[in-house]
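Structure record follows, encoded as structure tokens.
The values are calculated or read from the model by the stated rules, or taken from the named source; none is laboratory data. Quantities reported herein were computed from a predicted structural model and do not represent experimental measurements. As a convention, Cβ positions derive from the backbone with ideal geometry for all residues, glycine included, and neighbour counts pool all protein chains shown.
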């Protein structure tokens, strides 16, 4: 039987732009939205944004003012960087007052080195930069990289260093969309033989060149894409929906527990077809793997997605094992599609297939060990590891400090323990931005769903739209 797909998608968008104003304004932080929409005017807003940007930066140039032909003027350490403006790094410069700017921005930051620090070479880590960069230290070029999703790590020779004040300068070129030095603060540091010097914080910046694109976009206000791309489709007869989104809402992951189910109910109500099947992809693993168990907004967003399975006729494709550390867009689209198809076969077409990997059911404490029971084990638990070690588990006692745990499959359960936790009270699995070594599956080849047994407040619990 032929199946048609209606592609109504826009990358990099938040969930609230896909929800009607009538529905979203019922959520805390979105009150009064319909009145704001009535006053919304693209021309006026763009004009105001342009005026604000020009007041901050002055006229923009088509030629990089930091260069003289092929010479990079502002890499000279004698440049008066104190005359430049300040910006907290890391963050995209659109979030720091340069909304809509595409072009070149120069950044400078100084740090101090002791006499013993300059006896050896070192490394400078700048995290991720969107899109391209060239970096100098004390006027010496130390490297350049093209690509928004790559970690910058540059070698610095000891004869390029000075005791006392050292200046790192980065020329960032953005070709469109977000721009700047972004990512995690922990990824920005000077690495010496026996210590690290943090590079996150206040940097100096100056615009070299740029043009101003409109700041009005699908995320400018909630409900814009619902109005433009969803409402016109109603009441076209559909069998169900597939949803792949969430990255743009990780900073407000707890709120996603409300907004994502709201979107599903909003669409179902407006279509008038009842609780039509709705399938979605859980966020894949992304960014640098953590050395120790960590708090994670991405893990909290995945949890919000799992909780949405409480709605009828829903299904989730877990992608925790097929992400890319350096690319927010996983390459293995075929496996994502296969896992979504399994959910469609089960829910929409009522066939008895295993469509989910093992998901947390219950925990029982036995001495210093936790026994974890699962739903959706299919034909049984399966470990993708020839040595028999289950990865990805962490365990904590009443101090709420998580330690990496040892874990072993025991029939249809997993036993979890750590010699550092005598009286465990909580277990987490695949809890982090990028738990890149997870290896627990069912025999049908579907990965275990990330989970935690505790309900301790997360890092996004108080974050709201406004």
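Go through the residues of the stretch 222-231 one by one and say whether even a single one is more than 27 Å from residue 103 (Cβ to Cβ) and assigned to a loop (DSSP other than H, G, I, E, B).
Yes; the residues of the stretch 222-231 include at least one that is more than 27 Å from residue 103 (Cβ to Cβ) and assigned to a loop (DSSP other than H, G, I, E, B).
Kindly establish whether residue 334 is loosely packed, with under 13 Cβ neighbours inside 10 Å, modelled with pLDDT of 95 or more and not assigned by TED's automatic domain parsing to the domain that holds residue 439.
Yes: the conditions hold for residue 334.
Residues in the stretch 47-64: is at least one surrounded by 15 or more Cβ atoms within 10 Å (Cβ to Cβ) and modelled with pLDDT of 90 or more?
Looking through the stretch 47-64, at least one residue is surrounded by 15 or more Cβ atoms within 10 Å (Cβ to Cβ) and modelled with pLDDT of 90 or more.
Considering 364, 351, which residue is free of Cβ contacts under 8 Å to residues at least 40 places away in the same chain, more than 23 Å from residue 298 (Cα to Cα) and in contact with a helix residue (DSSP H, G or I) (Cβ under 9 Å, 6 or more places away or on another chain)? First the steps, then the outcome.
Details: 364 fails: in contact with a helix residue (DSSP H, G or I) (Cβ under 9 Å, 6 or more places away or on another chain).
None of the others qualify; the one that does is 351.
Scan the stretch 367-404 for residues that are in contact (Cβ under 8 Å) with a residue 24 or more places away in the chain and either within 12 Å of residue 418 (Cα to Cα) or under 26 Å from the mean Cα position of the chain (by Cα) (or both) and report the count.
Number of matching residues: 15.
Taking the stretch 84-98 on its own, how many of its residues are surrounded by fewer than 19 Cβ atoms within 10 Å (Cβ to Cβ) and either in a loop (DSSP other than H, G, I, E, B) or without any contact (Cβ under 8 Å) to a residue 24 or more places away in the chain (or both)?
The qualifying residues number 5.
Consider residue 218 against the criteria (1) surrounded by fewer than 21 Cβ atoms within 10 Å (Cβ to Cβ); (2) part of a strand (DSSP E or B); (3) in contact with a helix residue (DSSP H, G or I) (Cβ under 6 Å, 6 or more places away or on another chain): it satisfies all of them except one. Which criterion is unmet?
That leaves (2) as the condition not met.
Check whether at least one residue in the stretch 270-281 is assigned by TED's automatic domain parsing to the domain that holds residue 322 and under 26 Å from residue 437 (Cβ atoms), and report yes or no. Step through it out loud before you land on a result.
Of the residues in the stretch 270-281, the ones assigned by TED's automatic domain parsing to the domain that holds residue 322 are 270-281.
Checking the rest, the ones that are also under 26 Å from residue 437 (Cβ atoms) come to 280-281.
Scanning the stretch 270-281, I find at least one residue that is assigned by TED's automatic domain parsing to the domain that holds residue 322 and under 26 Å from residue 437 (Cβ atoms), so the answer is yes.
Kindly indicate which of 433, 391 is in contact with a helix residue (DSSP H, G or I) (Cβ under 6 Å, 6 or more places away or on another chain), surrounded by 13 or more Cβ atoms within 10 Å (Cβ to Cβ) and not assigned by TED's automatic domain parsing to the domain that holds residue 322.
On the way: 391 fails: in contact with a helix residue (DSSP H, G or I) (Cβ under 6 Å, 6 or more places away or on another chain).
From the options 433, 391, the qualifying one is 433.
Do any strands (runs of 3 or more DSSP E) entirely within the stretch 115-172 hold 2 or more residues that are over 27 Å from residue 95 (Cβ atoms) and either in the same structural domain as residue 67 (by TED's automatic domain parsing) or touching a residue at least 24 places away in the same chain (Cβ under 8 Å) (or both), and if so, which? Walk me through how you get there before you give the answer.
Numbers: elements: 122-130, 132-137, 140-146, 151-156.
Of the strands (runs of 3 or more DSSP E) lying wholly inside the stretch 115-172, those with at least 2 residues that are over 27 Å from residue 95 (Cβ atoms) and either in the same structural domain as residue 67 (by TED's automatic domain parsing) or touching a residue at least 24 places away in the same chain (Cβ under 8 Å) (or both) span 122-130, 140-146, 151-156.
Scanning for something in a strand (DSSP E or B), crowded, with 18+ Cβ neighbours inside 10 Å and modelled with pLDDT of 95 or more, does the stretch 272-279 turn up at least one residue?
Among the residues of the stretch 272-279, at least one is in a strand (DSSP E or B), crowded, with 18+ Cβ neighbours inside 10 Å and modelled with pLDDT of 95 or more, which makes the answer yes.
Among the residues of the stretch 9-33, write down those that are in contact with a helix residue (DSSP H, G or I) (Cβ under 6 Å, 6 or more places away or on another chain), more than 19 Å from residue 329 (Cβ to Cβ) and part of a loop (DSSP other than H, G, I, E, B).
19, 20, 25, 27, 30
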